[in-house]
Amino acid sequence: MPQRKYRHLFFDLDHTLWDFDANARATLQQLHLDLKLPERGIADFDAFYDTYIAHNDKLWERYRKGYIRQEELRLKRMWLTLLDFKIADEALSRQLSELFLQLLPTRTLIFPDTKEVLTCLQEKGYGMHMITNGFEQIQHAKLRVSGLDTFFQHIVTSEGSNSLKPQPEIYHYALEKAGATAADSLMIGDSLEVDIAGARGVGMDGVHVNFNGAAQAFAPTYTVTALKQLLAFL
């Protein structure tokens, strides 16, 4: 039997296994009603959600580059969203932020075949680990509530490692923690620019989980459009 190339698999969480967009949407939809935002002039939930996503994406990009801190990201995405609807209410922004962070990790929507694929890979004997740019407490809660925590031996967050993908430090930290080398490890994530480029930077192969078939700026080691396709080569 030929020796297999990879011994360790490193997964991203949000947008790769845990459906961040669907879970965030459900959480904000609940808060939109609970906090009576239609009475404050935000009648159109879809417009509210799209505005939040736009601000969240821009602020996460700034956070990844070290321009803003965690606290600023958390509050500002709500503050700027409300401002776009002509609501300058810092107390409401803080309430939205705090409730969102409380409720979001309790959501359990994951992508199709996630548990089946992880079970199969675990049974094949791979070292299973996670590298996520999310916050320590929230990411662990998401994993626990959605029943994914038992699949992973090591869970490395940006907060816990004091670094963020695609910076090389978080990959080196994760590899050392797992007792792995870049040569025998594979990074699996949805973001070509963050997950796969970061892994490539430290000599790791990568799988781009490209659910939507988006154009790719460079060719990763592998591309899949569904998680079950991982089993064709792992």
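The values are calculated or read from the model by the stated rules, or taken from the named source; none is laboratory data. From a predicted model like this one, the values you see are computed outputs, not experimental measurements. Reconstructed Cβ throughout: ideal geometry from the backbone, glycine too, with neighbour counts over all protein chains shown. Quick note on the areas: whole protein, heavy atoms, side chains included, nothing else; ligands and nucleic acids left out. Shrake-Rupley method; radii C 1.70, N 1.55, O 1.52, S 1.80 Å.
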Accessible area expressed per residue, the chain, with surrounding protein chains retained (probe 1.4 Å, Å²): 48 Å²
Approximate spin-label separation residue 153-residue 183, in nm, with each point projected 7 Å along Cα-to-Cβ: 1.9 nm
Selection from 157, 73, 29 lying farthest towards where the dipole of the chain points positive, charges on Cβ: 157
Mean Cβ count within 10 Å, highest first, over the residues of peptides 12-20, 225-233: 12-20, 225-233
Debye, to nearest 20: dipole size of the chain, +1 on Lys, Arg Cβ, -1 on Asp, Glu Cβ: 360 debye
Förster-model FRET efficiency, 30 Å R0, residue 162 and residue 229, C-beta, rounded to 0.05: 0.35
Relative contact order %, the chain, counting alpha carbon pairs below 8 Å whose residues are six or more apart: 23 percent
Positive-end extreme of charge dipole, region 77-195 - chosen from 167, 141, 92 (charges on Cβ): 92
Per-residue [θ]222 nm for the chain (sum of -39500 (n - 2.57) over DSSP H runs n ≥ 4, rounded to 500): -13500 deg cm²/dmol
For region 20-106, size of Cβ-based charge dipole, Lys and Arg +1, Asp and Glu -1, in debye: 340 debye
Per-pair calculated FRET efficiency, R0 = 25 Å: residue 108 and residue 6 via Cβ, rounded to 0.05: 0.30
Among beta bridges that DSSP assigns inside the chain, antiparallel share in %, nearest 5: 5 percent
Only Lys, Arg (+1) and Asp, Glu (-1) charged, at Cβ; region 46-176 dipole about Cα centre in debye: 140 debye
Alpha-carbon centroids, region 121-150 and region 214-234: separation in whole Å: 20 Å
Region 20-106, relative contact order in percent, only Cα pairs under 8 angstrom and at least six apart counted: 32 percent
Gain upon complete extension [residue 101, residue 70; 0.36 nm per residue less C-alpha separation]: 9.9 nm
Apportionment of accessible area to carbon and sulfur, region 8-126, percent (1.4 Å): 49 percent
Cα shape, region 187-234, gyration tensor, a/c 1.5 rule: oblate
